[in-house]
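In what follows, a single structure is set out as structure tokens and then discussed.
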Amino acid sequence: MMDIQHFLTNNQITIDGNAPRPLFNFDEANFPEPVMETIIQCGFQKPTLIQSCSWPILLSGLDLIGIALTGSGKTLAFILPAIIHASHQEFVKPGDSPIVLIMAPTRELVQQIHTVAHQFGQLAQCRTTVIFGGASKEFQRNSLLSGLEVVIGTPGRLLDFIEEGILKLDRITYLVLDEADRMLDMGFEPQIRQICERIRSDRQTTMFSATWPKEVRKLANKFLSTNRIHVTIGNVIL
Ligand code: ADP
Ligand code: MG
């Protein structure tokens, strides 16, 4: 077995908090069969660094702050545990509200996340939809009302649907704030706060960011539990 301290030092990884050890291959994650099949279809050889560190933490139900550069595989780092989390809940019937909520700053990003969530979730019976502004509400409203496990969206349009009573947050127990630094740069802080404050406090929360400035730290302090694990890959701009 690979020496863990060696792995962390060699890859400039810092883990704060009492975290389960990183895993070094996909088998160690014990993903369900359909998820493993999709990983193999994608031709991926091994987890990226952020995936190695994030999966054991998120699969054990802990809160996580993940700081890693763009292109480091953060989407699968939070999506696969989200799919597993949703699959452990009672099956969602038509009209039931979602289990997982993922926020990201732009239409392009939420669509990318949705593509990955759909690709890995469909065989595991995990239904997803994507919500963003600047497009008709009709299709998005109908998809929310049809009953699904995972909702991915930009904060403004999500809040619209929450205020209209179309998107209900009572069953959300897994929350992702992706590209938190960019969401704050784009002025979404009020919407993020309003949404997070309405989600039950016994949820699991994870935040990903490429940078770790004061504003992002404040958001993490407010919306993640105090015994969250903090993982940083490489040198990070503060
Ligand atoms: P980030 O969110 O950190 O910017 P993404 O999640 O968008 O990164 O992933 C970047 C690219 O890496 C994508 O094309 C994705 O398919 C690919 N990728 C993800 N995980 C792996 C892996 N374990 N092995 C190889 N490529 C991967
Ligand atoms: Mg990303």
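Using just the helices of the chain, give the 222 nm mean residue ellipticity in deg cm²/dmol: DSSP H runs with n ≥ 4 each add -39,500 (n - 2.57), and the total is spread over all residues, rounded to 500.
On the way: 10 runs with 100 residues, N = 238.
When only DSSP H runs of four or more count, the value is -12500 deg cm²/dmol.
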| query | About its Cα centre, what dipole magnitude does region 118-179 give when the only charges are +1 on Lys and Arg Cβ and -1 on Asp and Glu Cβ, stated in debye to the nearest 20? | reply | 180
| Phi-based couplings in Hz for region 67-74 (Karplus 6.51, -1.76, 1.60; Gly and Pro marked x) | 10, 7, 5, 4, x, 8, x, 5
| request: Considering Cα pairs under 8 angstrom that are at least six residues apart, work out the relative contact order of the chain and quote it in whole percent. | output: 28
| task | May I ask you to derive the FRET efficiency for Val236 and Arg193 from their Cβ-Cβ distance with R0 = 22 Å, giving the value to the nearest 0.05? | result | 0.35
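Sorted by mean Cβ packing within 10 Å, highest first, what order do the peptides 113-121, 25-33, 198-206, 152-160 take?
Numbers: 113-121: 21.2, 25-33: 14.1, 198-206: 16.6, 152-160: 23.1.
For the peptides 113-121, 25-33, 198-206, 152-160, the packing ranking is 152-160, 113-121, 198-206, 25-33.
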| said: What's the magnitude of the charge dipole for the chain around its Cα centre, counting Lys and Arg as +1 and Asp and Glu as -1 at the beta-carbon? Answer in Debye, nearest 20. | reply: 360
| message | For the ranges 139-151, 8-20, what's the packing order if you count other beta-carbon atoms within 10 Å of each residue, average per peptide, and put the highest first? | response | 139-151, 8-20
| message | Per residue of region 181-197, what does 6.51 cos²θ - 1.76 cosθ + 1.60 with θ = phi - 60° give for ³J(HN,Hα)? Whole Hz please, x for Gly and Pro, Karplus curve as stated. | response | 4, 5, 4, 5, 4, 7, x, 8, 4, x, 5, 4, 4, 4, 5, 4, 5
| request: Any chance you could check the Cα centroid distance between region 58-84 and region 88-127 for me, in angstrom? | output: 14
| task | Round to the nearest 0.05 the FRET efficiency obtained for Asn227 and Cys42 when R0 = 25 Å and r is the Cβ-Cβ distance. | result | 0.15
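Determine, for each peptide in 54-61, 74-81, the mean count of other beta carbons within 10 angstrom over its residues, then list the peptides with the highest first. All intermediate terms of the calculation are to be shown ahead of the outcome.
On the way: 54-61: 20.4, 74-81: 25.9.
Order by mean packing, descending: 74-81, 54-61.
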| query | Straight-line reach from Lys214: which lysines have a Cα under 29 Å away, not including same-chain ones fewer than 8 places off? | reply | Lys74, Lys222
| For Gly133, distant residues with modelled amide H under 5 Å away | Thr154, Arg157
| request: On a 0 to 90° scale, report how tilted helix 107-121 is relative to the longest principal axis of the chain, with both axes built from alpha carbons and the result rounded to the nearest 10. | output: 70
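Computed from the coordinates by the stated procedures, all read-outs in this text should not be read as laboratory data. Quick caveat, the model's predicted, so the values are computed rather than measured. FYI the Cβ positions are ideal-geometry reconstructions off the backbone, even for glycines, and counts take in every protein chain you see.
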